[in-house]
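For reference, the structure discussed in these notes is given below.
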Amino acid sequence: MLKPDQIKEIVLKSKILPEADLKKAITESANENMPFTDYLIGQKLLSENGLYESIANYFGASFIDLRRTTIRKDLLRVVPDSIVQAHQILAFDQDNENIKLATTDPTDLEIIEFIKKKTNLQPDIYVTTPSSIKEVLKQYHKGIKARFEEMATPGEKPEIPADQKDLKKLAQDLPIIRIVDTLLEYAIYESASDIHIEPNEKDVIVRYRIDGVLREVMTLPKKIQSGVVARIKILSNLKLDEHRLPQDGRFKVSTEEYKVAFRVSIIPVYDGEKIVLRLLNESAQILSLEQIGLLPKAFNIVKANIQKPHGMILVTGPTGSGKTTTLYTILNILNKPGVNISTVEDPIEYRIPRVNQSQVNPKIGFTFSVGLRALLRQDPNIIMVGEIRDLETAQIAANAAMTGHLVLSTLHTNDAVGTLPRLLEIGIPSFLVASTTNLVMGQRLVRKICPNCVTSYNLSKKAIIELERQINFKELLSTLEKEEAISSAKIAPESLLFYRGKGCRECGQTGYKGRIGIYETLAVDHEIADLITKNTQREQLMEVARRKGMITMLEDGFIKAKMGITSVEEVLRVTKD
């Protein structure tokens, strides 16, 4: 990849960004610990294509968008996969004398010379974007699915080997190893968060959770079930001959491109053993507050509260709503040499340099409360507790916030306002909740509309009637006007323009690609604190929060739907209580 200084020089000389904006971007990207290129594109200061077109012009090369190019499979094998991943370069066309190479770094002469010697062809260099290369590789790896037909042909159900040696031998059978490796590799390239391997009477269903939704991706023959289960048990260091009790384990898969940890859960079901693997991408980059989906108003509230030296910042929502990602994003901003940050997590999802991260292990008595007590003896400035589950953890966290620490944690509540009464229900005194809580964020994850097949439409009368049945539509329009998402609340609902994805090859015909957060942010000021000390009911707290301008998750979602980021259907799907 091109070095940051080279990118800065190209942007400056190409005059595609005013010098003042460039200097600000350099400072902000450094403050947020973000790669400079990611910051430029993430903040929409430059489009990815625009930036790499400028790079191509700077080096006197042609620019190509590989997403609009059909590449022969044999050409994709010309450059070894490990080199494509590490150097972001691949071959997309060739004739008897020349080979056309697409790269993100035309200065990588060593690798270009290597390909020249390997192929005995003259390289013709084109510049492309990282996402363009990623998309080509993804399409190539989708061919992995077809390999299952070759590796796993249907057959009769075999007897489960009773002997552990037989199981071990079966797990080390080459076709079984290839099937499991391919299954894991395909999940990684599809950006799945979970793999479900579910035995039925006559076959085995494999489903991936992609963008929060389970999709059936393949059906494996029953005869290979025992081998697949045994192989995953060996990888996870679990007991091969235990078929009656649940087992939990973990393993890692590392390449130059990615480092993924798999958490494995196996449970006996009627037709065998069901396996669920949770994927944790340890090489994933931590996002900025804007990238996770905070709109300007919420962004300013969060920014102001994380600068406070002590108090609690709580993020709430159900499992899988992105709470941990939000906490990591905040930690990344606070991660400066002058502070000591310590965490207790379950599990550690991302590794952050200079942050002391520990993982709970209830089997040996290392719980959140035990870990939190120990952390307080480690002279921390900032503490992150993965989750507040019980009174003891809540008490220690609140007392730590009161004695000069900034405490970040999560709770399982439906919304931001409901978190405050929940803390009182757990058993924390109202005065302690009021005096230590700085900020509560409620959140959900919605799927983003695929940019390659997005289309606009107007709401039908039937859709409007259905919406009015589910939500206060007039109040929603009023909020959209206040937040400048629409020009007037009196506008005819039928004239409102919304967006959806038609479905295309790049999004697997779903119309969605990727996810983003919808939020409500409640800053605890003196008035809210007074209400907490009086044990005020949730409804009254909500009334005051709304009067002070708090936007609900539903409203935040509709603003993003109006902006074309997500769809109305998606917002309603995830905000249902």
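The values are calculated or read from the model by the stated rules, or taken from the named source; none is laboratory data. Note that the coordinates shown come from a computational prediction; the quantities given were computed from them, not determined experimentally. Positions of Cβ are backbone-derived with ideal geometry, glycine not excepted, and every protein chain shown enters the neighbour counts. Keep in mind that these areas ignore ligands, DNA and RNA; they rest on the heavy atoms of the full protein, side chains included. Shrake-Rupley method; radii C 1.70, N 1.55, O 1.52, S 1.80 Å.
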Once both labels are modelled 7 Å past Cα along the beta-carbon direction, what's the Leu424-Asp38 spacing in nm?
4.1 nm
Taking only C-alpha pairs under 8 Å that are 6+ residues apart, what is the relative contact order of the chain in percent?
9 percent
One checks the Cα atoms of the stretch 442-509 and finds Rg and Dmax, in Å, of 14.2, 39
Dividing the mean separation of Cα pairs under 8 Å (6+ apart) by the residue count of the stretch 207-274 yields a relative contact order in percent of 20 percent
Stretch gain in nm, segment Asn414-Arg546, where the contour uses 0.36 nm per residue and the Cα spacing is subtracted:
45.9 nm
Give, as ranges by residue number, the residues of the stretch 192-229 whose backbone N falls under 13 Å from the point 7 Å along Cα→Cβ of Thr319.
194
Within the stretch 292-332, name every residue whose backbone N is under 20 Å away from a label modeled 7 Å from Cα of Asp525 along the Cβ vector.
295-314
In Å², what does the accessible area per residue of the stretch 1-112 work out to with a 1.4 Å probe?
54 Å²
Between the stretch 89-132 and the stretch 182-202, what is the separation of their alpha carbon centroids in Å?
34 Å
Residue order for Ser430, Ser456 - accessible surface, 1.4 angstrom probe, largest first
Ser456, Ser430
Net length gained if the chain between Val269 and Ala61 were fully extended (0.36 nm per residue, minus Cα distance):
69.0 nm
Taking Met402, Met553 and ranking on accessible area (1.4 Å, protein atoms only), highest first, one gets Met402, Met553
If you average the C-alpha positions of the stretch 326-384 and of the stretch 1-45 separately, how far apart do those two centres end up, in angstrom?
31 Å
Over the heavy atoms of Met563, what accessible area does a 1.4 Å probe trace out, to the nearest 10 Å²?
110 Å²
Which of Lys303, Lys308, Lys239, Lys363 is most accessible, then next, and so on - probe 1.4 Å
Lys363, Lys239, Lys308, Lys303
For the stretch 382-435, count all C-alpha to C-alpha pairs, find those more than 13 Å apart, and express that count as a whole percent of the total.
56 percent
Which FRET efficiency value, to the nearest 0.05, do you get for His243 and Gln285 by plugging their Cβ-Cβ distance into 1/(1 + (r/R0)^6) with R0 = 30 Å?
0.15
Of the lysine pairs in the stretch 502-577, how many meet both conditions: Cα atoms under 22 Å apart, and a spacing of 8 or more in sequence or different chains?
10
Using a 1.4 Å probe on heavy atoms of the protein chains only, the accessible area for Leu467 in Å², nearest 10, reads 10 Å²
Give me the net charge of Val264's neighbourhood, meaning all other residues with Cβ under 14 Å from the Cβ of Val264; Lys, Arg count +1, Asp, Glu -1.
+4
Helix-only mean residue ellipticity at 222 nm, the chain, DSSP H runs n ≥ 4 weighted -39,500 (n - 2.57), per residue, nearest 500. What is it?
-12000 deg cm²/dmol
Toy charge model, Lys and Arg Cβ at +1, Asp and Glu Cβ at -1: the chain dipole around Cα centroid in debye, rounded to 20, equals 300 debye
Going Cα to Cα from Lys100, which lysines come in below 17 Å? Please leave out same-chain ones fewer than 8 positions away.
Lys73, Lys116, Lys117, Lys118
Hey, can you find the accessible area per residue of the stretch 238-358 for me, probe 1.4 Å, expressed in square angstrom?
46 Å²
Rounded to the nearest 10 Å², the accessible area of His310 at probe 1.4 Å:
90 Å²
Cα→Cβ-extended label distance, 7 Å offset, between Lys202 and Val276, nm:
2.8 nm
How many angstrom lie between the Cα centre of the stretch 232-282 and the Cα centre of the stretch 431-486?
38 Å
So the carbon and sulfur contribution to the accessible area of the chain, 1.4 Å probe, in percent, is 49 percent
Quick check for you: with a 1.4 Å probe and neighbouring chains kept, what is the accessible area per residue of the stretch 418-536, in Å²?
49 Å²
